[in-house]
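I have placed the structure first, in the form of structure tokens, so that the comments after it can refer back to it.
The values are calculated or read from the model by the stated rules, or taken from the named source; none is laboratory data. Here the structure is a predicted model, which is why all the values come from computation and not from measurement. Every residue, glycine as well, gets a Cβ built from its backbone with ideal geometry; the counts of neighbours run over all protein chains shown.
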Ligand SMILES: Cc1cc2nc3c(=O)[nH]c(=O)nc-3n(C[C@H](O)[C@H](O)[C@H](O)COP(=O)(O)O)c2cc1C
């Protein structure tokens, strides 16, 4: 993979495509990359590349693309984070190939996509993405949408990362190597750009928490914002690895003072954060 930081910086949702076909070799490249993706959760994700015309698929926000990737996963503990971690790796790989994507959980003909994915009882199809070459100019609708959700802005470092406990904003100079990685977490995409991730950094590691917004948990307990958490964890894991920072992934709650936020997962840093 080329510079992961650059891929993360350059990735933006693409909703306006130039109608070019995705070639058979690009499809094969994506499918074979997906087969090799590993996440710390060790939960299988199945993806398929789908032709819109063949399956009657559409998304009201997408123009100029008729190829989509959809994924499905068995519903179980941590399936949302696992899906986020997996699919973001795929999205970044596709970015490296020079193609565009948009994570889509809501604005699609969900029934048609679920049928094309043959989703069965106990499975979830959390998200899809269109796949193609970005058009030179965004549609008016896309431009308005991006402005509406302030898609280019992110929360400040000291609003979301904490030093030892939730009340204490982290200064970027305290742990420079970790701060570099956390800045790549900041740039992650999230549903409606809500950025629910928070992290507390201690001398032993980096511990991620979710700050819930209302309306993202469905009747079955499926929590869409935990997909965002998986994306944030993916950015942390990939960037730490690229920088040679050795970590051990953990689901054990370190019971820090996190202001009542729900613990999601942590990375214990070999040799400590300092
Ligand atoms: C889990 C998830 C679900 C999303 N669902 C949609 C969606 O239904 N429709 C859409 O247009 N964008 C969707 N997005 C894209 C976000 O709006 C976008 O990532 C965010 O505004 C930041 O913009 P950027 O991706 O260009 O950095 C989703 C993103 C994520 C991570």
Some residue of segment 209-226 being over 28 Å from residue 101 (Cβ atoms) and either in contact with a helix residue (DSSP H, G or I) (Cβ under 9 Å, 6 or more places away or on another chain) or buried (at least 21 other Cβ atoms within 10 Å of the Cβ) (or both): no
Some residue of segment 81-92 being closer than 19 Å to residue 20 by Cα, crowded, with 17+ Cβ neighbours inside 10 Å and within 19 Å of the chain's Cα centre (by Cα): yes
Within segment 219-230, considering residues that are within 13 Å of the ligand (Cβ to nearest atom) and assigned to a loop (DSSP other than H, G, I, E, B), the one farthest from residue 77 (Cα to Cα): 224
Of all residues in segment 236-261 being surrounded by fewer than 17 Cβ atoms within 10 Å (Cβ to Cβ) and in contact with a helix residue (DSSP H, G or I) (Cβ under 9 Å, 6 or more places away or on another chain), the one that is farthest from residue 164 (Cα to Cα): 242
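Suppose the filter is under 24 Å from residue 138 (Cβ atoms), surrounded by fewer than 16 Cβ atoms within 10 Å (Cβ to Cβ), away from the ligand (no atom under 16 Å from the Cβ) and assigned by TED's automatic domain parsing to the domain that holds residue 129; does residue 20 pass it? Give the derivation first.
On the way: under 24 Å from residue 138 (Cβ atoms): yes; surrounded by fewer than 16 Cβ atoms within 10 Å (Cβ to Cβ): yes; away from the ligand (no atom under 16 Å from the Cβ): yes; assigned by TED's automatic domain parsing to the domain that holds residue 129: yes.
Spelling it out, residue 20 is indeed under 24 Å from residue 138 (Cβ atoms), surrounded by fewer than 16 Cβ atoms within 10 Å (Cβ to Cβ), away from the ligand (no atom under 16 Å from the Cβ) and assigned by TED's automatic domain parsing to the domain that holds residue 129.
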Selection within segment 164-187 - touching a strand residue (DSSP E or B) at 6+ places or on another chain (Cβ under 7 Å), in contact (Cβ under 8 Å) with a residue 40 or more places away in the chain and crowded, with 18+ Cβ neighbours inside 10 Å: 175, 178, 182, 185
